[in-house]
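A.B. asks: Got a structure for you, questions after.
The values are calculated or read from the model by the stated rules, or taken from the named source; none is laboratory data. What you see is a predicted model, and the numbers here were worked out from it, not measured in a lab. Note: ideal-geometry Cβ built from the backbone for every residue, glycine included; neighbour counts use all protein chains shown. Side chains included, ligands, DNA and RNA excluded: accessible areas come from the protein's heavy atoms. Shrake-Rupley method; radii C 1.70, N 1.55, O 1.52, S 1.80 Å.
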Amino acid sequence: MSSTQEKTAIVVGATGLVGSHILKHLLSDNRYAKVIVFHRRSTGLKSPKLTEHIIKFDEINIWRHLIKGDELYSALGTTIKKAGNETAQYKIDYDHQLDVAKAAASNGIPSYALVSSLGASKKSKTFYLNMKGRLDKQVQKIGFKKVLIIQPSFLKGNRSESRPWEKVGIIAADIITKLPWLKKYKPIHAQQVAKAMINGLNDPASHTIYEGEEVFKLDK
């Protein structure tokens, strides 16, 4: 692994709600000399640290050899509305992320961080939570020395698309999670999740899975 002042971080999903904050934090963090992004379109950011690879995830065999560094941050994802159906969403949220993780592990990247979801479980009968739970399990089996999985509750932040009902839900959740037994569902800003992922990978004492209110502990 590189020294703490020369680390290279890889980001997939760097234009998403959490991924965009991961990228900005990494670019401003002196521990990282290089940040490499793999995505379908440019982030629009400019930095001497930043290298962008505009790729097609279905063609990973063409660019898998480029996935080299010290840490991989995976925040790729979509919605049923954007994807069109469950099959298409599964391909992006599960298949593409797992393909990149496998390539990273085989290329010797030692540390991996994934943003998942509170309630993720392969036993869940809910499609989304089942999918997330399956991915959480799989990435722990493919050979990384360190794996960090963040399972946040409702995410706050400025999204590119309008989600009025989600905003109402977050406001309601902010109120009801003041009750002690509902604290794990407390909404968290995407920027805090991003910082928690970076802090977690850089903390030798961090454990593998942080869910709900636990995520706030890493945002320091």
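A.B. asks: Looking at K91, K56, K34, K49, can you tell me which residue is in contact (Cβ under 8 Å) with a residue 24 or more places away in the chain and of a type in the set (K, R)?
C.D. replies: Sole residue among the options that is in contact (Cβ under 8 Å) with a residue 24 or more places away in the chain and of a type in the set (K, R): K34.
A.B. asks: If you go through region 57-80 one residue at a time, do you hit one that is over 15 Å from M197 (Cβ atoms), at pLDDT below 95 and open to solvent by 60 Å² or more (accessible area, probe 1.4 Å)?
C.D. replies: Yes, because at least one residue in region 57-80 is over 15 Å from M197 (Cβ atoms), at pLDDT below 95 and open to solvent by 60 Å² or more (accessible area, probe 1.4 Å).
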